[in-house]
Amino acid sequence: MSSDVSRRALLGGLAAWNTGLAHGQARVHGKPKPLSKSAVTDDWTSFLGPTHNAVSAETKLSRKLPPPLLWEFSKGTGYASPAISGDRLLFLHRQGNEEIVECLHAETGAARWQFRYATAFEDRYGYNNGPRSSPVADGGRVYTLGAEGKLHCLELGSGRVVWNQDLRKEYKVPQDFFGTSATPLIEAGTLVVNVGAPGGPCVVGLDKVTGREMWRAGKEWGPGYSSPVPALVHGKRRVFVFAGGESNPPTGGLLSIDPAAGKVDFAFPWRSKSYESVNASCPVVFDNKVFISASYKTGGALLEVQRDFSHKVLWTTPEFGLHFNTPIHRDGYLYGFDGRNEPDASLACIEVATGKVAWRQNPEWPEKFEMGGQQRQQTLGTYRGSLLAADGQFLCLGELGHLLWMDLTPKGYKEISRTWLFAARESWALPVLSRGLLYVVQNTRDMLRGSGPRLLCYDLRG
């Protein structure tokens, strides 16, 4: 993290709910191809998708890149990805002194409704003053969590407020490095939130219908930037929370929680010793095991959950420290982007049985482009990219806006196809895939074309 702090004076405002009104208008470029009758499709109702592990069941996807651009929506600041429920797309971003929840038609970008409320959040490090947490759609409702900890439950059909809470005031949570960032989780009838209150609770379970607190869990760790993940372990439902934001001395780790009553099975400390660091990569749960990873000279750890829900450390490794992307498990191997910064990032494959690096590569290529009226060439790559497993292979969004289809196996990495969607830094939000359409968030200005931050919808239907 940089210690250079960017300060901006922001004024407050009144919350507003506007039916049929969107902040901006989507620019439509085309219509999607019809879905194949045999295609498997899904909603994408929360961060990391319906399986909560960035693995999509969608099939019949085109490998041809660039994909057709269907529509684009001019957005404000923030790093959130959208959620998709039926034909409705939910998106949280910031314009001026307001955080805005947009509801758009998923295929056309047409406005459905908009909800706005005041915010005065300032990113202490000058990256971005917008929200980081993605919307969560559940039945007829949508839940959003802003950078200041303002939690709203809205009607999916209209945007009307059902209930709301100010978590920062309710639990007396001081502002963290980058504000509130973890996406809440719906588990059965409970909304699970990593609030990270000093002295506890670390995690709360709220009644998703009323917002009433149902339980509290943990006392020692602050709010992480990793989102809670659900799983079935030894035939029982569990929620795993990788907590640990700003604290001095720095503390954090993994909590295994029974979501029925908030009982903590175990707490495993895992966090960088650097003060200016956070836990941001989400836990990956498979075969009664949990993998967690952190950057800043920390690395990864694989835990095995015992039948009595205690834990056993199978191995740790300093060679797989993911900054904020979440690795993907497939057939006994983990794939992800190790590295804290652009220059030292690499794509690595880890053998689950041993924790050893099977291979490590730096996907890069010579890129030709025009800048300032002159033709230039530079070696570019994926850097701290993100992976989405789909249709038997992997989609990768590179940190500078490159989109790739990849074939990843224990033997190595193979590029299937590649394109440059936009030349913009901080392309950190995981792409969203639903009904054969791919939604990509551009967070900064395109350095070559000049276009500002956008939400873009592409057609991947094969």
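Values of log10 I(q)/I(0) for the stretch 276-375 across q = 0.17, 0.23, 0.24 Å⁻¹ run -0.74, -1.19, -1.27, by the Debye formula with one identical scatterer at each alpha carbon and no solvent. Charge dipole (Cα centre; +1 on Lys/Arg Cβ, -1 on Asp/Glu Cβ; no other charges) of the chain amounts to roughly 400 debye.
Please order VAL161, VAL204 by the number of other Cβ within 10 Å, starting at the fewest. Working shown, then result.
Working: VAL161 14, VAL204 26.
Final ranking by Cβ density, sparse to dense: VAL161, VAL204.
Taking one quarter of the surface of the C-alpha convex hull of the stretch 164-225 gives a mean projected area of 3.9 nm². Given their separation in residues at 0.36 nm each and the Cα-Cα distance between them, GLN25 and VAL357 gain 114.8 nm when the chain is fully extended.
When shorter helices are ignored and each DSSP H run of at least 4 residues is given -39500 (n - 2.57), the per-residue value for the chain at 222 nm works out to 0 deg cm²/dmol.
Placing unit charges on each Cβ (+1 for Lys and Arg, -1 for Asp and Glu) gives the chain a dipole about its Cα centre, and among PRO223, VAL285, SER247 the Cα reaching farthest toward its positive end belongs to VAL285. Cross-link partners among aspartates and glutamates for LYS172, C-alpha distance below 16 Å, same-chain residues fewer than 8 apart left out? Answer for LYS172, where 16 Å is the Cα cut-off: GLU148, GLU213, GLU220, GLU246, listed by chain and number. Using a Förster radius of 35 Å, what is the FRET efficiency between THR59 and ARG212 based on their Cβ-Cβ separation? Nearest 0.05, please. The computed FRET efficiency comes out at 0.30.
Ranking ALA358, THR77, GLY373 by how far each Cα lies toward the positive end of the dipole of the chain (charges on Cβ) leaves GLY373 at the top.
In sequence order, the stretch 74-80 has phi-based couplings of 5, 10, x, 7, x, 10, 6 Hz under the Karplus curve 6.51 cos²θ - 1.76 cosθ + 1.60, θ = phi - 60°, and Gly or Pro positions carry x. A Cα-only calculation for the chain places Rg and Dmax at 20.8, 66 Å. Projecting the Cα positions of PRO269, LEU191, ALA294 onto the charge dipole of the chain (unit charges on Cβ atoms of Lys, Arg, Asp and Glu, taken about the Cα centre) puts LEU191 furthest along the positive direction.
Just the C-alpha atoms of the stretch 171-282: what Rg/Rh do they give, with Rh taken as the Kirkwood radius?
Working: Rg = 13.0 Å, Rh = 13.7 Å.
Reported Rg/Rh (Cα atoms, Kirkwood Rh): 0.95.
Working note: Karplus 6.51/-1.76/1.60 with θ = phi - 60° gives the stretch 425-441 the couplings 6, 6, 7, 9, 7, 4, x, 10, 10, 8, 6, x, 10, 10, 10, 10, 9 Hz, where Gly and Pro are set to x.
Could you tally the net charge around LEU438, taking each other residue with its Cβ under 15 Å from the Cβ of LEU438, Lys/Arg +1 and Asp/Glu -1? Cβ neighbours under 15 Å give a net charge of +1.
Along the stretch 218-225 the Karplus relation, 6.51 cos²θ - 1.76 cosθ + 1.60 evaluated at θ = phi - 60°, assigns HN-Hα couplings of x, 9, 9, 10, x, x, x, 9 Hz to successive residues, with x for each Gly and Pro. For the stretch 201-355, the dipole from Cβ point charges (+1 on Lys and Arg, -1 on Asp and Glu) about the Cα centre works out to 500 debye, to the nearest 20.
All of the numbers you see were taken from the coordinates with simple rules; none came from a lab. In this text, all values refer to a predicted model and were calculated from it rather than measured experimentally. Quick reminder, even Gly has a Cβ in these numbers, built from the backbone with ideal geometry, and neighbours come from all protein chains shown.
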